[in-house]
Amino acid sequence: AEIISTPYAKLPEDWWNALLKRFYMQAQSGAAVENIEPPDLETVALMGIYVDSVEELMGMLVAVLHKQFGAIYRAKGYLPINGQWARFDIVNTNYTIETCRPMQEAKAVFIGRALDRERLQELFAESQ
């Protein structure tokens with residue numbers, strides 16, 4: 001493996017071409033190129049989501065992380081909380097909440113396995 005310390009944007013076009021050519025040549029020669037299977041993940045998208053407070057959202061995200069709605073590996077959402085728009089992210093076992101610019105619609109997307117769509121919908125509609 002080659003370790004590159006130069007930012008990708010500053011690498012010359014020849015470097016990129018050589019990288020792509022190596023991969024292409026491996027594939028053409030029948031060399032062991034991993035057979036990448038798409039993961040069997042589900043997606044749940046929710047629109048019009050709502051919570052009363054940041055504390056409530058934090059509790060909801062902790063419940064998501066504890067697999068109460070399926071094995072959720074990634075989630076992202078935007079919603080207003082007391083007049084201020086917020087964005088949340090879940091990646092594996094961590095979550096973040098931060099303010100963001102207003103969006104056209106409050107929404108969230110959850111990606112994982114064995115997702116409980118109905119319970120997720122209830123969770124984000126419960127406060128309405």
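All of the numbers you see were taken from the coordinates with simple rules; none came from a lab. None of these values were measured; they are calculated from a predicted model.
Quick rundown of the values:
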read-out: Reach of Lys76 by Cα under 26 Å, taken over lysines that are not fewer than 8 positions away in the same chain; value: Lys67, Lys107
read-out: Fully extended contour minus Cα-Cα distance, from Val91 to Glu105, at 0.36 nm per residue; value: 2.8 nm
read-out: Added length on full extension, which subtracts the Cα-Cα distance from 0.36 nm per residue, Trp15 to Ala63; value: 12.7 nm
